[in-house]
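The values are calculated or read from the model by the stated rules, or taken from the named source; none is laboratory data. Quantities reported herein were computed from a predicted structural model and do not represent experimental measurements. Positions of Cβ are generated from backbone atoms using ideal geometry, with glycine treated the same way; all protein chains shown enter the neighbour counts.
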Amino acid sequence: MKVKLITRFSLFFATLLLSYNAFAFDSGALGIVQATDLPPEARQTIALIRQGGPFPYEKDGSVFGNYEKILPQQRRGYYREYTVKTPRTRNRGARRIITGGEKNRPHEYYYTADHYRSFKRVIE
């Protein structure tokens, strides 16, 4: 009985560890993506940012704190976040464009499809 319990616990624990690693594999990554390779909704969001809005979500343009510390460290207020519409979702979804620089004239863009677990710098 005791051996069965230990075996089951070990199996459960191993499964838990493997599933955690599978989901955390890309966590913390900072890659690069061509603007043309972004989803169309992300390209639309960048176009809205460049024209100064109007933005579909109230939180668009709010300060992004970079608490995950994946993006390069900058002063507070340097980064701003904007929602990238996700088809068939009722809420804001997980996709965002993060801008860096002045609020009205950002000079760098980052895309996240997984709500800040990983980012890709957008290059033109």
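Numbers at a glance
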read-out: Flag if Gly65 is in a loop (DSSP other than H, G, I, E, B) and at pLDDT below 95; value: no
read-out: Hits in the stretch 65-98 (condition: surrounded by 15 or more Cβ atoms within 10 Å (Cβ to Cβ) and over 11 Å from the mean Cα position of the chain (by Cα)); value: Tyr78, Tyr79, Arg80, Lys85, Thr86, Arg92
read-out: Hits in the stretch 44-64 (condition: crowded, with 16+ Cβ neighbours inside 10 Å, closer than 20 Å to Glu124 by Cβ and not aliphatic (A, V, I, L, M)); value: Thr45
read-out: Counted residues, the stretch 99-124 - those being assigned to a strand (DSSP E or B), aliphatic (A, V, I, L, M) and crowded, with 16+ Cβ neighbours inside 10 Å; value: 1
read-out: Neighbours by Cβ (under 9 Å, 6+ apart or cross-chain): first from the stretch 104-118, at positive phi; second of a type outside the set (D, E, K, R); value: His115/Gly93; His115/Ala94; Tyr116/Phe64; Tyr116/Asn66; Tyr116/Tyr67; Tyr116/Ile70; Tyr116/Ala94; Tyr116/Ile98
